[in-house]
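Visitor: Have a look at this one before I ask anything.
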Amino acid sequence: MSAFAYRAMDPRGRIVRGRVDAANLVDLELRLRRLNLDLVNGGPVRPRFWQAQKGVSRRELIKFCFHLEQFLRAGVPIIESLADLRDAISKPQFRQVIATAVEAIEGGLTLSQALEQHPVVFDSVFCSLIRAGEHTGRLPDVLHALSESLKRDDELAAYARRIAIYPAIVGLIILAALGVALIYVVPELARLFRTVGQTLPWQTRFLIAVSGVLIDYGWALLALIAATAIGARHALNTRPQVRLRFDAAMLRLPILGAVRRKIILARFTGLFAMMYASGITIVDALRIAEDVVGNSALKDGLQQVGRGIEQGWKVSEAFRAVELFPPLVTRMLRVGESTGALDTALANVSYFYDRDVREAIERLQASIEPTLTLVLGGLLLAVMSAVMMPVYDIVTRMKF
C-alpha cells in the first residue's frame, strides 16, 4: 500500500481532491467508487527527501489494542470490531489505516496480513505477535500483552524525556543569554576599555576575542555546525560501520551510556518474553526483536546470540558469551532452562530491567540538577568576573 493523490468528480459534478492509500490505480478507482466518486486522474505521492512517513502515537496503539481485546473477549467478530473502532478513531490517518485493514480482511486476508500492509504504523514485532495469537487462538491475550508492552515503552520514553528536558531548557536559556552578551554587551565594554587604555586581564581579552569571532564569523560557524550535523547524519544512515562505532561509543558514555543500555535492554527483554510466551520460537523472537533495540552494537550482539542458539547452545550460554547481560540475568535464564519455565524467567528478567531503569533514572535525575547548576553557575561566574574586574578598576580610578 502507498499513498495516492487523486482528482475525482462527485455526483454533483464538482471536482474533489484528496489522498488515499491504495495498491495501484485500479485499486484507487475501486476505493473512490465506494465513496461515490469518479476518478479523473491520480498517481502515487512522492514524498520530499526531508519528509518521512508518520506513524501513530503509542497512546493510539494502546487504545486500539485495549478496545480490540475487549471486543474479541465479548465475542464480537473481528470485522465488526475493527469497523466499530474505525468509526471511533478521531485521527484521520489512523482511521484510514483501520478502514484499509477492514477492506483487506473482507477480501480474505487475516488480521496480521492486513496490518503488515502498514509497516509504518504496525511494526514487525506487532504483526508477528498478532500472527502468533491467530495461530494459537489466543489473540485477546496477545492484544493484552501488546497493550501492556506499549504502556511500558511509553513509561520508559517518559523517563528518558524527563532526563533531557531540564538540561535542555536550562542550557538553551544560558546559551541565549551568553549569545546576547557576546554580541551586544561585550563589544560596548570593549570600546570603553580601549578608550580608558588600561591593561586587561587575560580572561577579559579572551572574552573580547570570542565576541569578535562570533560577530565576524558567526554565520560561518552556524553553517559549519549545520553541515557537520547533516554530514554526520548522512554517514550514520548510509555507512553501517560508522553507525556501529557511534552506537558503541554511545553505550560507553559515563553514566548516560549505562542508562541508555538499560533502557534498550528493558524494552528488548519485555518484547522477547512476550513473544516467547505467545508461542514464537526463541530464534525467531530474537530475529524479530533485533530491529527494535535501536542500537546497532546491541543488534550485532543479539545476532551473535541467535547464531549461538542455532548452533545448539543454551539460551543462558549464548547470552553469557556476548556479555550483553549482567551475571544475575544469565543465572535467572539458566534457572528457567533447568526448571522448564523459561517464559517465567524471561518475565523476571524484564521486571529486573524495568525496576533497574527506574532506579537508575531517579538517581541520575537527582544528581543532574545540582551538577548542571554548578557547571552553569561556574560558567556565568567566569563571564561575570571577566567583565566586572576591568569595570571595577575603572570605577576605582575614577574615585581618585
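Visitor: For segment 263-302, name all the residues that are surrounded by fewer than 22 Cβ atoms within 10 Å (Cβ to Cβ) and basic (K, R).
Guide: R287, K299
Visitor: Restricting to segment 289-331, what's the tally of residues that are aliphatic (A, V, I, L, M) and farther than 19 Å from A258 by Cβ?
Guide: Residues in segment 289-331 being aliphatic (A, V, I, L, M) and farther than 19 Å from A258 by Cβ: 7 in total.
Visitor: Any residue at all in segment 321-330 that is surrounded by fewer than 18 Cβ atoms within 10 Å (Cβ to Cβ), farther than 27 Å from L253 by Cα and in the same structural domain as I263 (by TED's automatic domain parsing)?
Guide: Checked against the condition, which is being surrounded by fewer than 18 Cβ atoms within 10 Å (Cβ to Cβ), farther than 27 Å from L253 by Cα and in the same structural domain as I263 (by TED's automatic domain parsing), segment 321-330 yields no hits at all.
Visitor: Out of curiosity, is R205 charged (D, E, K, R), in the same structural domain as L178 (by TED's automatic domain parsing) and closer than 30 Å to A386 by Cα?
Guide: yes
Visitor: Which residue is nearest to I264 (Cα to Cα), if the candidates are limited to segment 128-147 and must be surrounded by fewer than 22 Cβ atoms within 10 Å (Cβ to Cβ) and modelled with pLDDT of 85 or more?
Guide: My answer is S147.
Visitor: Follow-up. Among the listed residues L172, L156, L182, L178, which satisfies the condition of being assigned to a helix (DSSP H, G or I), touching a Ser or Thr at 6+ places or on another chain (Cβ under 6 Å) and either hydroxyl-bearing (S, T, Y) or under 30 Å from T371 (Cα atoms) (or both)?
Guide: None of the other options fit; the residue is L182.
Visitor: Considering only segment 87-99, state which residues are surrounded by 18 or more Cβ atoms within 10 Å (Cβ to Cβ) and over 26 Å from the mean Cα position of the chain (by Cα).
Guide: Selection gives A99 alone.
Visitor: When you check R267 against the structure, is it touching a residue at least 60 places away in the same chain (Cβ under 8 Å), assigned by TED's automatic domain parsing to the domain that holds A366 and of a type in the set (D, E, K, R), yes or no?
Guide: Against the criterion (touching a residue at least 60 places away in the same chain (Cβ under 8 Å), assigned by TED's automatic domain parsing to the domain that holds A366 and of a type in the set (D, E, K, R)), R267 qualifies.
Visitor: Taking T195, is it among the hydroxyl-bearing types (S, T, Y) and in contact with a Gly (Cβ under 6 Å, 6 or more places away or on another chain)?
Guide: Against the criterion (among the hydroxyl-bearing types (S, T, Y) and in contact with a Gly (Cβ under 6 Å, 6 or more places away or on another chain)), T195 does not qualify.
Visitor: While we're on this one: So if I check each of A249, A289, which one is at pLDDT 80 or above, at negative phi and of a type outside the set (K, R)?
Guide: When all the criteria are applied, what remains is A249.
Visitor: Between residues in segment 123-146 that are under 21 Å from K63 (Cβ atoms) and touching a residue at least 60 places away in the same chain (Cβ under 8 Å) and residues that are basic (K, R) and part of a helix (DSSP H, G or I), which pairs lie under 8 Å by C-beta distance while being six or more apart or on different chains?
Guide: From segment 123-146, the pairs are P140/R73.
Visitor: Which of the residues that make up segment 82-98 are in a helix (DSSP H, G or I), without any contact (Cβ under 8 Å) to a residue 60 or more places away in the chain and not aromatic (F, W, Y)?
Guide: L82, A83, D84, L85, R86, D87, A88, P92, Q93, R95, I98
Visitor: So, one more: Filter segment 186-204 for residues that are free of Cβ contacts under 8 Å to residues at least 24 places away in the same chain and surrounded by 15 or more Cβ atoms within 10 Å (Cβ to Cβ) and give the result.
Guide: Hit for segment 186-204 is A190, nothing else.
The values are calculated or read from the model by the stated rules, or taken from the named source; none is laboratory data. None of the values given here were measured: they were computed from a predicted structure. Note that we place each Cβ from the backbone using ideal geometry, even for glycine, and neighbour counts take in every protein chain shown.
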